Amino acid sequence: QVQLVESGGGLVQAGGSLRLSCVGTGSTFRRYAMGWFRQAPGKAREFVATVSASGGGTAYTDSVKGRFTISRDNAKNTVYLQMIDLKPTDTAVYYCGQRKYIFTGADPSDYAYWGQGTQVTVSS
């Protein structure tokens, strides 16, 4: 069983920055792609970013391109989401997930494990 624990959320003003971290347990972490999703109140969970197992491939939803960067450190079983120029529309609970496959993907049904989430609130 894989456990994922997110951290790094908080309250920040518009234009500010945060870095989210997600630490995974187990020896299989490096074998699978990882992703970040977010869910705002009253809305469905949406894809934010994904990184391949090796870290060489990434993909982003259009609204965060140029502002968010996903990366991973397999030696530390950790995936990161660096967020800059935050906007109030980025306010949500952010979840990391472990995909069932090596390569990147945005479909949440392809993710086998999820963390509990970390709240990001951006004030205007």
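The values are calculated or read from the model by the stated rules, or taken from the named source; none is laboratory data. Fair warning: this is a prediction, and the values are worked out from it, not measured in the lab. Reconstructed Cβ throughout: ideal geometry from the backbone, glycine too, with neighbour counts over all protein chains shown. Surface areas here come from the heavy atoms of the whole protein model, side chains and all, with no ligands, DNA or RNA. Shrake-Rupley method; radii C 1.70, N 1.55, O 1.52, S 1.80 Å.
Results, tabulated for the structure shown:
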{"item": "Positive-end residue, the range 15-103 charge dipole about Cα centroid, Cβ charges, pick of LEU81, THR69, GLY24", "result": "GLY24"}
{"item": "Segment THR25-THR121, length gained on full extension (0.36 nm per residue, minus Cα span)", "result": "31.8 nm"}
{"item": "Unit charges at the beta carbon, dipole of the chain: most positive-side option, VAL122, ALA92, TYR60", "result": "TYR60"}
{"item": "Computed magnitude of the charge dipole of the chain (debye, nearest 20; Cβ of K, R +1, Cβ of D, E -1)", "result": "180 debye"}
{"item": "Accessible surface of the chain, 1.4 Å probe, proportion on carbon and sulfur as whole %", "result": "50 percent"}
{"item": "Accessible area per residue in Å² at 1.4 Å probe, computed on the chain", "result": "50 Å²"}
{"item": "The chain - percent relative contact order, Cα under 8 Å, separation 6 or more", "result": "36 percent"}
